[in-house]
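Written out below as C-alpha cells is the structure these notes cover.
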Amino acid sequence: MSQLSVEPVEEPREPAPQGGRGIRRVLSPVRSARGIARILLWAGAAISVLFVVLAVFAPWIAPYRFDQYSAGGHPFPKQGAPDATHLFGTTVQSLDVASRVVFGARTALEVVVQSVVISLLVGVPLGLVSGYLGGWLDRSLVLVMDALFAFPSLLLAIVLSFLLSGLIGGTVTAAALSITVVYIPQYFRVVRNTTVSAKEATYVEAARAIGARPITVMRRYLFTNVVQSVPVIGTLNAADAILTLAALGFLGYGVQPTQAAEWGYDLQRAVADAGAGIWWTGLYPGLAIVLLVTGLTLAGEGLNETLNPTLRTRPLRRVLLPPLPATLAPRTHRDRP
Amino acid sequence: MPTKPDPTDDALIEVRDLSVHYRLGGSAAARLLGRDTGAVRAVDGVSFVLRRGEVLGLVGESGSGKTTLGRAMLGLVRPTSGRILYRGRDIGAARERDLRRLRRDLQMIFQDPHAALNPAMDLGTAIGHPLRIHRLAATPAARHRRVVEALERVGLVPVEQFLGKYPADLSGGQKQRAVIARAIISGPSLLVADEPVSMLDMSVRAKILDLMLELRRDLGLTYLYITHDLATAKFFCDRVAICYLGKIVEIGPTTQIFAEPRHPYTRALLAAIPEPDPSRTVMRDLPRGEIPDAARPPTGCAFHPRCPHAFGPCGWEARDLRALLESRWTRIGDDRYRAEQSLFADLAELDTPGRRIQIRAAANAQGLLDLLTEMRAVDPAEPFWRGVTDIQIDGDRVVIEFAPPVEPHLLPMDEVAVSCHLYDANLSPDAQVSDRTP
Ligand SMILES: Nc1ncnc2c1ncn2[C@@H]1O[C@H](COP(=O)(O)OP(=O)(O)OP(=O)(O)O)[C@@H](O)[C@H]1O
Ligand code: SF4
Ligand SMILES: [Mg+2]
C-alpha cells in the first residue's frame, strides 16, 4: 500500500488567513464544485446577479418610473408598440413596459429577501429547539408544520394575503409575509431533522459533559453544523417565492399596483391584450419571471448537488504509481498484498 | 508503574447497586397501552468504590455496558435504580442544573476523538469553552492564558499553531490531546476515559497513556479507564473491574487479578491476551459462542452458556439445550440433521423460560429421549448436563428439570471480589477451580 500515493486533482486546501476562515469553510464546497454542478451554479448565479443589478439600480436603469404615464407634458401612448422612446412598448394604462419590468425585479427581490429572511428567522430556531429538546413540544410543532406543509401553498398564501391586506394593506411586506408562512415549515423540517441526527453526535454529548446548557449546545454546537443545509432550500425557495408572488399578483391578491410594479399583476392586465395582437405587454413580464425562476432554480440545484453529500459524487482522483524496482516489475502487474 | 494508593484513602465516588436499563424501541402508543416493550440491561446491579487518586480499569467485551456505566457516573444518562455518591450527593438523582455545576469536577475523554470535537469550532474556543461555561476566567486574556497552559500541558506545541486550527486539520492523536486539554482545563478530580486510545494508531497509543499518567501525577486526577484491551489495563490501572453483561464479575488490584485470575471469564480473557503483536488488539474468541443479548440475559450467572466450569446452580434453562442442539446440528451431516430435527413437534418450545420444560415430540417421545441420551453419552463433560436433574417421558413429551438457578454475587476473597459459584462454599464444596485451569 505504501507504494501508492493518491494525488488530488486539485490543490490541497491552502492555509487560509485567520479572519475569513469561517466563511471560507462554508464556501469551500462551492469553490470545489465540479462538472455539471459547476455549470448550473455559475449560469444560475449569473442570471440571478443580473436581476439583482436590475433591482438595485432600477431608478437609474429604467427610463421612467413604474407608475409614470407622461413625460415632459406629453402623455405616453396607450398600448403603444415598441419604438425608440418605449423600447418594450406601453400598456393599456399608458405605462412604459420596460420600466415596469425593471421595477418588477426590485419588487421581486424585496419580497424574496424579506420572505426568506423571515422564514429563516422563524423556521431555523424552531427546528433547532424542536429537534434538540424533543418531547411533546417537538411532537406538536411537527404536527402543526406538517399540516401547514400539506396545505396547498398558493391557497395558504392567498388566505394570508387576504387577512393581511385588511391589516397592513397590499404592501410588499404583506406579500412577503403571506409567502413566508408557506416556507417556514420547509426550514423547520430540514433543520429539525438534521438536528435530531446531529444531537446524537459525540461532540454534542461532549458539550453536555463540559456543562453546557441546552441553549449553549444549540447555539454553539448544533447551529453551525445544522445550518449548512439551509442555503440550498433558500435558493430553491427563492425561485418558488417568485412564482407564488406572481400568482398572487395575477389573481389580484398580491402587491397593489399603486405600491410597486409587479410582474404577475402586469401579466393579468395583459391577458386581454393578447387577443388583440398586442404581444409586448405580456411577453416581457412573462420572460422576466421565467428567466429569474430558471436562474434561481439552477443556482439552487447547483448548490444542492455540491453541498448535499448524498447526491455528491466526488470526482475521481488520479492514483499515481511510483516506478517499481526492476526486480519486482514483471510480477506485479496485478498486484496483490 | 503507577504507585499503589493507600487502601485507607477515602472514596471519591461510591456506586451502589447501580442499574441502567435502556427501553427497547416500542412506540409511545405501545407504552401508553402499558405494553412492556422490554429493556436492554446495559448496567445491572453494579457496586464499587472509586478511591481518590487511583486508576480503576473497567474491562469487558463490546456491549458489556462499560460506556453506559461511565456515562452514568457523569450524569449523562439517568440510572434506572441505584445511587452514585459523590461528595455526599447522588449524581443519579441530581437536578440538571446542579449536575452542570458538578461537571467541572467530573470530565470525560471519548473513544472517538474524531467525533468528540465540534467540527465548526476552532481549538482555542473549544478548549476554552468550559472556562466560559463555568465562568472560571475573569477576562478573555485570563482565559487565553489558561488555554495556552492547557495546550502546553497536553503537548500541543507550539501553541500558536494550534489555537486557530479546526478539528479537521488535526491527526487523531492531536485531537485526543485536544479533548484531554478540554477535559482538564476546568480542574476536574475525575476523568472517565472511555477507550481513549482504541481508535488511535499503535504509535501514539503509548504516548497518550503516558500523557494521562503524567496528568494524574501533576493534577492529582482519578481515572475510570474503560477498555476492552487487557494489555493496556495491566500497564495503566491500579485496580481492574471485569465486566460481563452489565455486571462486575471480578474486581481487585491489577497485579492480583493478572497473577491469579479467579473468575472463569477473567481466565478466558487473560488466556486470550495476544502476544505483543500490534495487529491483534481485539480479544480472541472466548470458548463457546457469542456474548448474549443484553435484553434477554441468561438466568442465574449470565456467563454460564459460555463457561467451561458451569455446574448445577449456574442457571440452566431451555435456551441452553437449544444452543447445544444447534451446535450439534452444524457438525453432523445434513440427513441426520433433518432426521433429528423432525423428532421435535415445535423447536420454538425450546425458548420457554423456567426450571421445568416440556418438549413435545413429533411422533414418539422415546426417539427424543434417545437423542438426548445419546448426546449426553457422546459428550458427558458438557456442562449443560450438570444442570439437568431429571429427564422423563410423560405421554407424548419429554420433561426436563433443571437445578434451581442461583444468581451469583461478588464474594470477597483477599483483596479481590469474585462473582462465581465456584467460590461459594455453600454451593460448590467440591469444585476447585484451580485444578480445572482452562
Ligand atoms: N442509547 C442507547 N439506547 C439503547 N440501547 C443502548 C444505548 N446505548 C447502549 N445501548 C445498549 O446497551 C448495551 C451496553 O452498551 P455500552 O455502549 O454501554 O457497551 P460497551 O461496553 O461500552 O461496548 P463497546 O465496547 O462496544 O463500547 C449494549 O447492548 C447496547 O446495545
Ligand atoms: S457462576 Fe461461575 S461457574 Fe457458574 S457459570 Fe458463572 S462463572 Fe461459571
Ligand atoms: Mg463503549
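The values are calculated or read from the model by the stated rules, or taken from the named source; none is laboratory data. In this text the structure is predicted, and so the values were computed from the model without any measurement. In this analysis, Cβ positions are derived from the backbone assuming ideal geometry, glycine residues included, and neighbour counts consider all displayed protein chains.
Computed values, structure above
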| read-out | value |
| --- | --- |
| Options B:ALA294, B:ALA302, B:ALA272: the member that is modelled with pLDDT under 90 and surrounded by 18 or more Cβ atoms within 10 Å (Cβ to Cβ) | B:ALA294 |
| Some residue of region A:203-217 being away from chain B (no Cβ under 14 Å), in a helix (DSSP H, G or I) and either crowded, with 23+ Cβ neighbours inside 10 Å or modelled with pLDDT of 85 or more (or both) | no |
| Residue tally, condition away from chain A (no Cβ under 14 Å) and either within 16 Å of ligand 2 (Cβ to nearest atom) or not aliphatic (A, V, I, L, M) (or both), over region B:65-90 | 12 |
| Segments classed as strands (runs of 3 or more DSSP E), wholly inside region B:203-267, with at least 2 members that are aliphatic (A, V, I, L, M) and within 16 Å of ligand 3 (Cβ to nearest atom) | B:222-227, B:239-244 |
| Wholly within region B:69-171, helices (runs of 4 or more DSSP H) carrying at least 2 residues that are in contact with a Lys or Arg (Cβ under 6 Å, 6 or more places away or on another chain) | B:123-133 |
| Odd one out for B:VAL49 among (1) farther than 22 Å from B:ALA233 by Cα; (2) more than 14 Å from every other protein chain (Cβ to nearest Cβ) | (1) |
| Residue that is farthest from the other protein chains (Cβ to nearest Cβ), among those in region A:218-244 that are closer than 25 Å to B:LEU136 by Cα and aliphatic (A, V, I, L, M) | A:MET218 |
| Residue match in region B:37-57 (condition: in contact with a Gly (Cβ under 6 Å, 6 or more places away or on another chain), touching a residue at least 24 places away in the same chain (Cβ under 8 Å), within 16 Å of ligand 2 (Cβ to nearest atom) and under 23 Å from B:LEU245 (Cβ atoms)) | yes |
| Selection within region B:148-181 - facing chain A (nearest Cβ under 10 Å) and aromatic (Phe, Trp, Tyr) | B:TYR166 |
| Subset of region B:187-238 [within 16 Å of ligand 1 (Cβ to nearest atom) and among the polar types (S, T, N, Q)] | B:SER198, B:THR227, B:THR232 |
| Residue within region A:44-54 that is touching a Lys or Arg at 6+ places or on another chain (Cβ under 8 Å), modelled with pLDDT of 80 or more and surrounded by 16 or more Cβ atoms within 10 Å (Cβ to Cβ) present | yes |
| Conditions (1) out of contact with any strand residue (DSSP E or B) (no Cβ under 8 Å at 6 or more places or on another chain); (2) at pLDDT below 90; (3) more than 30 Å from B:ARG16 (Cβ to Cβ); number of the one not met by B:ASP394 | (1) |
| Residue ID - nearest to ligand 1 (Cβ to nearest atom), chosen from residues in region B:49-68 that are assigned to a strand (DSSP E or B) and farther than 20 Å from B:PRO297 by Cβ | B:GLY57 |
| Any pair with Cβ under 7 angstrom, 6 or more apart, that starts in region B:335-361 at a residue that is over 16 Å from B:ASP320 (Cα atoms) and ends at one that is loosely packed, with under 13 Cβ neighbours inside 10 Å | B:ARG360/B:ASP346 |
| Residue match in region B:322-332 (condition: within 16 Å of ligand 2 (Cβ to nearest atom) and not assigned by TED's automatic domain parsing to the domain that holds B:GLU61) | yes |
| From the options B:LEU209, B:LEU270, residue that is more than 16 Å from ligand 2 (Cβ to nearest atom) and more than 14 Å from chain A (Cβ to nearest Cβ) | B:LEU209 |
| Among (1) among the polar types (S, T, N, Q); (2) buried (at least 19 other Cβ atoms within 10 Å of the Cβ); (3) part of a helix (DSSP H, G or I) - the single one B:THR330 does not satisfy | (2) |
| The listed residue being within 16 Å of ligand 3 (Cβ to nearest atom) and either surrounded by fewer than 21 Cβ atoms within 10 Å (Cβ to Cβ) or not hydrophobic (A, V, I, L, M, F, W, C) (or both), out of B:GLY63, B:GLY75, B:GLY82 | B:GLY63 |
| Matching option when the condition is surrounded by fewer than 18 Cβ atoms within 10 Å (Cβ to Cβ) and within 11 Å of chain A (Cβ to nearest Cβ), among B:LEU106, B:LEU136, B:LEU131, B:LEU117 | B:LEU136 |
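This table checks each residue for (1) surrounded by fewer than 24 Cβ atoms within 10 Å (Cβ to Cβ); (2) under 30 Å from B:GLY124 (Cβ atoms); (3) more than 14 Å from every other protein chain (Cβ to nearest Cβ); (4) within 16 Å of the chain's Cα centre (by Cα).
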site: B:ALA183; (1), (2), (3), (4): no, yes, no, no
site: B:PRO188; (1), (2), (3), (4): yes, yes, no, no
site: B:ALA193; (1), (2), (3), (4): no, yes, no, yes
site: B:LEU200; (1), (2), (3), (4): yes, yes, yes, no
site: B:ASP229; (1), (2), (3), (4): yes, no, yes, yes
site: B:GLY252; (1), (2), (3), (4): yes, no, yes, yes
